1. Which links in K104/K186; K107/K140; K70/K132 stretch past 23 Å when you go from one Cα to the other?
2. Let's test the formula: R0 of 22 Å, r as the Cβ-Cβ distance of D100 and R180. What FRET efficiency results, to the nearest 0.05?
3. Return the distance in nm (one decimal) between the two label points of a simple spin-label model at S162 and D146, each offset 7 Å from Cα along Cα→Cβ.
4. Given axes a ≥ b ≥ c from the Cα gyration tensor, I'd like to know whether the range 72-191 is rounded (a/c under 1.5), prolate (a/b larger than b/c) or oblate.
5. Exactly which GluC sites (Glu not before Pro) in the range 139-191 are in a DSSP loop and have at most 14 other Cβ atoms within 10 Å?
6. Compute the FRET efficiency between K58 and T83 as 1/(1 + (r/R0)^6), taking r as their Cβ-Cβ distance and R0 = 45 Å, and round to the nearest 0.05.
7. Can you bin the range 101-143 into rounded, prolate or oblate? Criterion: square roots of the alpha carbon gyration tensor eigenvalues sorted a ≥ b ≥ c, rounded for a/c under 1.5, prolate for a/b above b/c, oblate for the rest.
8. What is the distance, in nm, between label points placed 7 Å from the Cα along the Cα-to-Cβ direction at N191 and at R116?
Amino acid sequence: MSRNNDIDNTEEMAPEAQAGQSGESGQDNSGASEEGNETESLSETEQLEQALAAEKDKFLRLFAEFENYKKRTTRERMELFKTAGQEVITALLPVMDDFDRALKELKRSEDEELFRGVGLISNKFRETLKSKGLEEITVKEGDTFDAELHEAVTQIPAPKKSLKGKVIDVIEKGFKLGDRIIRHPKVVVGN
């Protein structure tokens, strides 16, 4: 019976509640639609601002990526020019060694004109290579041996105690092209 009473009470309250709810819902719906329009317009504005921010970010990233690409290709191109020059200059180093040997032999001979002529050609050749960035690595007797810089061909007993662990003789000159060593000087080290 209590169940029936509950149902009856609900039916009696229902018309009043329905009237109150319809009146409230009418007001709420119009208020909600106004708020909905404001949020929709704000959300459209916010959406456009977010889309603009995303496009700006995309543009900035693309621009930065392009700048990095330009720098990388410029650096690679410079390295290519250096290495292309390096191959040619490395191939010409034995010719420079031959000039040095020829000048030593011509100095012993009595023909001064021949010595001067070969000396001029040798100097011109060296200056041309120097203008392309070739530098001789200067090594002399008594310099401390550096495994990073020198190439030890052999070790011999040091003639003096002060030459122990130092360069005793230079067999072949070393050269740098820019900052890169293209041929290490070959040296004899005192032991």
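The values are calculated or read from the model by the stated rules, or taken from the named source; none is laboratory data. The shown structure was predicted, so the numbers you read here are calculated from the model rather than taken from an experiment. So basically every Cβ, Gly included, is an ideal-geometry build from the backbone, and we count neighbours across all protein chains shown. Each accessible area value is taken on the protein alone, full model and side chains, heavy atoms only, with ligands, DNA and RNA left out. Shrake-Rupley method; radii C 1.70, N 1.55, O 1.52, S 1.80 Å.
1. Check vs 23 Å cut-off fails for K70/K132.
2. About 0.45, to the nearest 0.05.
3. Between S162 and D146, the label points sit 2.1 nm apart.
4. Oblate.
5. Passing both the DSSP loop test and the Cβ count: E141, E148.
6. Efficiency computed from Cβ-Cβ geometry: 0.75.
7. oblate
8. The answer from the label model is 4.8 nm.
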